[in-house]
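The values are calculated or read from the model by the stated rules, or taken from the named source; none is laboratory data. This one's a predicted model, so the numbers in the text were calculated from it and none came from an experiment. Don't worry about glycine lacking a Cβ; one is built from the backbone with ideal geometry, like all the others, and counts go over all protein chains shown. Accessible surface is based on the protein model in full, side chains and every heavy atom, while ligands, DNA and RNA are left aside. Shrake-Rupley method; radii C 1.70, N 1.55, O 1.52, S 1.80 Å.
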Amino acid sequence: MKIIHCADLHLDSKMETLPSAKGKIRREEVLHTFERLADYAEKNGVKAVIIAGDMIDTHKVSQRTRGRILSAVKNAGSVDFLYLPGNHDDENFITGGEGAEPLPENLKTFSDEWTYFDYKEAVIAGVALTPVNSRYVYDALKLDEKRLNVVTLHGQAAGYKSAEKAELISLPMLKDKNIDYLALGHIHSYAEGPLGERGVYAYSGCLDGRGFDETGEKGFVLLSVEGGRISREFVPFASRTLYEAELDVSAYTDWYSARDALFKEVLSSYPETSLVKAVLKGEHPVSMEIDMEELAARLNERFFFGKAYDNTSLKVSEEDYAADKSVRGEFVRLVLAAGLPKAEADKIILTGINALKGEDI
């Protein structure tokens, strides 16, 4: 028996961090990734797809997106889709509103009480956590120790940080519950660990990255139930990959050498289809004029989308300009003596030196 564990699809995401045209492309690609997943499950003999929360990004899903999700599920008729609502999901997806298409028979849902789907090889149980049931939900879980048991929850386990508010999951209270695999949703990167002596837990991560807080490989976990045990494999499946690349400019004396090193030594292995965030760090001399506009333009010429961040600071001190009798030297000494925060002083020095040189400010 094969089972797919995925989570945090966030379909219908607005993609507001991208330019409008590219945001529209990515919104379509992320939706199509779910359609590809359903097709993969059908063609590869998967019995059940666990969606461990946050299938939808907002509390109001468009009818177009809902229709395409239901169509993909129906087309994979041999596969059960076991849908657990997360903190982003809403019953609007399930009900669809007046006159909406009903859910297909192979799309099954978990509620705020434990629901059990009993397959010959394994039992799959799940519950949607709420502020009310989280007080008693662990004691209410009943699993046969002689069966292989998969449990799904959506929430934040201790030790995993997230910007989104969700119910807390107590792993210690689950370790002696006869769980062989705990399928979790909410954290957008793959992570796993032991669950008592018998089982393991895993966050599948999101299926397809949307922003630069979701860098790296994204996909799903493929579970194989055979010979009285459950094995697992992470399967990369995203339509594009997001990367964050850093370059320390401290070793370079001019901007062009640093820029070329970034592209040749750091970014050369990234596919052109990628979304790339380039971050410059370290110290640089005043003579190095970092051109962030040019860097951003080059990133967007080479990749699907690119952003550039300047986290560098000036390598400058009063001693460097102590003997400089020019207006520039006097200006730098005055700024350094003012006791300003370093980031503010750096901006003032660069602006002033460019003004004295007649450069654009």
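Starting from the Cα-Cα distance between residue 64 and residue 266, subtract it from 0.36 nm times their residue separation and give me the gain in nm to one decimal. Intermediate results must be reported in sequence, preceding the final value.
Working: separation 202, 0.36 × 202 = 72.72 nm, distance 4.02 nm.
Answer, rounded to one decimal: 68.7 nm.
Can you give the helix-only mean residue ellipticity at 222 nm for the chain, where every DSSP H stretch with n ≥ 4 adds -39500 (n - 2.57) and the sum goes over all residues, rounded to the nearest 500 deg cm²/dmol?
Values: 9 runs with 94 residues, N = 361.
Counting only the DSSP helices, I get -8000 deg cm²/dmol.
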Quick calc: nm separation of the 7 Å Cα→Cβ label points for residue 22 and residue 355 -> 3.4
With no solvent and one point on each alpha carbon, what is the Debye value of log10 I(q)/I(0) for the chain at q = 0.07, 0.08 Å⁻¹? -0.43, -0.53
Inter-probe distance in nm under a simple model that places probes 7 Å from Cα toward Cβ, at residue 342 and residue 35: 5.1
Evaluate the charge dipole of the chain about its Cα centre and quote only its size in Debye, nearest 20, assuming +1 on the Cβ of each Lys and Arg and -1 on the Cβ of each Asp and Glu. 720
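Counting only DSSP beta bridges with both residues in the chain, tell me the antiparallel percent, nearest 5. Don't skip to the end; give the middle numbers.
Values: 22 of 67 bridges.
Counting DSSP beta bridges with both partners in the chain, the antiparallel share is about 35 percent.
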Using the heavy atoms of the protein chains and a 1.4 angstrom probe, tell me the accessible area per residue for the chain in square angstrom. 49
Under a point spin-label approximation (7 Å from Cα along Cα-to-Cβ), what is the residue 309-residue 333 distance to one decimal in nm? 3.8
Length added when fully stretched, residue 248-residue 176, from 0.36 nm per residue minus Cα-Cα: 21.1 nm
Which part of segment 176-212 falls in the paramagnetic zone of residue 114, meaning amide N under 13 Å from the point 7 Å along Cα-to-beta-carbon? 176-180
Simple Cβ-charge dipole of segment 134-283, Lys/Arg +1 and Asp/Glu -1, about Cα centre, in debye nearest 20: 600
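Where in segment 141-242 are there GluC sites (Glu not before Pro) that are in a DSSP coil and have at most 16 other Cβ atoms within 10 angstrom of their Cβ?
Sparse-neighbourhood loop GluC sites (Glu not before Pro): 145, 164, 197, 217.
For residue 287 and residue 144, calculate 0.36 nm times their separation in residues minus their Cα-Cα distance, and state this gained length in nm to one decimal. Let's see the in-between values first.
On the way: separation 143, 0.36 × 143 = 51.48 nm, distance 7.07 nm.
This chain segment gains 44.4 nm when fully extended.
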Taking all protein chains in place and a 1.4 Å probe, what share, in percent, of the accessible surface of segment 1-153 do carbon and sulfur account for? 50
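Would you mind telling me the antiparallel percentage of the DSSP bridges in segment 128-275, rounded to 5? Working shown, then result.
Working: 14 of 26 bridges.
Among the beta bridges of segment 128-275, antiparallel pairing accounts for roughly 55 percent.
Which of the trypsin sites (Lys or Arg not before Pro) across segment 129-220 are loop residues per DSSP, with 16 or fewer other Cβ within 10 Å?
Counting only loop positions with at most 16 other Cβ atoms within 10 Å, the trypsin sites (Lys or Arg not before Pro) in segment 129-220 are 142, 146, 147, 161, 165, 175, 198.
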Could you tell me which of the pairs 22/60; 146/175; 24/218; 43/218; 108/142; 281/347 are separated by over 18 angstrom between their Cα atoms in the structure shown? 22/60; 24/218; 43/218; 108/142
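Would you mind giving the average projected area, over all directions, of the Cα convex hull of segment 52-154 in nm² with one decimal? Working shown, then result.
Working: hull surface 29.0 nm².
Mean shadow area of the hull around the Cα atoms is 7.2 nm².
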